[in-house]
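The values are calculated or read from the model by the stated rules, or taken from the named source; none is laboratory data. Model, not experiment: these values are computed from the prediction. Every residue, glycine as well, gets a Cβ built from its backbone with ideal geometry; the counts of neighbours run over all protein chains shown.
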Amino acid sequence: MHTLPIKMKRGLLVVLWSLFCLCVADTATGNKPKHPIEFDQLEISRKYVPAKQHASASKSPSSSSVHGGSQDYQRKRDKIIAMPGQMEEAEFTQYAGYVTVDANAGRALFYYFAEAPQDPSNKPLVLWMNGGPGCSSFGAGAMLELGPFSVHSDNKTLYKKKHAWNTVANMLFVEIPAGVGYSYSNTTSDYHNTGDKRSTDDAYTFLVNWLERFPKYRDRDFFITGESYAGHYVPELANLIISNNRARGATNVKLKGVAIGNADLQYNLTLRATFDYFWMHAMISGKTYRTVQANCGFNGTYTKDCDNAMNLAIKEKGNVDDYNIYAPICRDASSPLRSSDP
């Protein structure tokens, strides 16, 4: 088992930002689709084999993957005294480290865990996974989106987020699959043979082993959440948990629900919903929306008329952040929007 030092090096701030940039760059530089919108879709970014489905319960994690003896020691080692750049003392307990999911392959997943600052013993456990596939749940999910901290415009110090999710839940971020963020494998072929099924099996093994390390959360209400390609990860992991909960001898996980934002479920459906979203938020005119609907069947075949209609909608929408349409204007480094910092 491996763990980060209690005081992580200051270079981590630079690295986590790099992880996020790599995630964006890797997706953006893939083979371009035949339509004007770039999504985190599987086909254009990397060779990644989706699982057909988990029709039946997978085998419980092998003894080589599940570890229990030294978990109390590991938990103590994983505890973070302070994050690099953390200017104020945290009002909550936080941990970071590795959980082995395949001892034979030397495969381990990195996690970051932020307990709720108030009454954590009565708040649920929430697992968060970013998508891509290839996006860091720590660099993007925890540090840029919904974790307790984010980075000031000086790129050196952290500030506390007012609406961090750990105000209402104990937040567990896991980087999946191995090769994403700080998660790794000592077996090179793991990086070429990954896919939905292995990712789901690894996520389940991670969860079982993590609950061994943090036993007080075994009976806690548990929710699985994520975004983008987690539209695959979340339901597949939920299905595996339900199947294994029914199997005799399997670790019982108290799954209560799932939540997925901007889910990548099926490409044509996602594309259609994008223009529905633009229209329903008054970002494009009714006339343009009807032109898109009239020329695009969203069935996998995109004609020139359809491309032209979608390009018109994209132009009409303008330079607006699709993921946060109410965000302030993003300025370059020479003219930073300092008022965005608290």
Ser150: passes all of (1) in contact (Cβ under 8 Å) with a residue 12 or more places away in the chain; (2) touching a helix residue (DSSP H, G or I) at 6+ places or on another chain (Cβ under 8 Å); (3) over 27 Å from Asp219 (Cβ atoms) but (1)
- Message: Among the residues that make up region 297-305, is at least one of them assigned to a helix (DSSP H, G or I), surrounded by 11 or more Cβ atoms within 10 Å (Cβ to Cβ), not assigned by TED's automatic domain parsing to the domain that holds Glu212 and not hydrophobic (A, V, I, L, M, F, W, C)?
- Response: yes
Scanning region 248-295 for residues that are in contact with a Lys or Arg (Cβ under 8 Å, 6 or more places away or on another chain), not assigned by TED's automatic domain parsing to the domain that holds Glu236 and not in a helix (DSSP H, G or I), the one nearest to Ala203 (Cα to Cα) turns out to be Met283
Going through region 183-221 in order, the residues found to be closer than 23 Å to Phe113 by Cα and either outside the structural domain of Asn170 (by TED's automatic domain parsing) or in contact with a helix residue (DSSP H, G or I) (Cβ under 7 Å, 6 or more places away or on another chain) (or both) are Ser185, Ser199, Thr200, Ala203, Tyr204, Leu211, Glu212, Arg213, Phe214, Tyr217, Arg218
Filtering region 225-247 down to residues that are outside any helix (DSSP H, G or I) and over 13 Å from the mean Cα position of the chain (by Cα) yields Ala247
Residue pairs within 6 Å by beta carbon, gap of at least six or interchain, first lying in region 292-308 and within 16 Å of Phe275 (Cα to Cα), second basic (Lys, Arg) and outside any helix (DSSP H, G or I), listed first then second, are Tyr302/Lys34
Out of curiosity, is Gly318 farther than 29 Å from His232 by Cα and within 29 Å of the chain's Cα centre (by Cα)? yes
In region 175-182, is there at least one residue being closer than 28 Å to Lys216 by Cα, β-branched (Val, Ile, Thr) and in contact with a helix residue (DSSP H, G or I) (Cβ under 6 Å, 6 or more places away or on another chain)?
-> yes
When restricted to Arg198, Arg213, the only residue of a type outside the set (Phe, Trp, Tyr), surrounded by 19 or more Cβ atoms within 10 Å (Cβ to Cβ) and more than 17 Å from the chain's Cα centre (by Cα) is Arg213
Report task. For Gly179, state whether it is more than 16 Å from Ala114 (Cβ to Cβ) and free of Cβ contacts under 8 Å to residues at least 60 places away in the same chain. Result -> yes
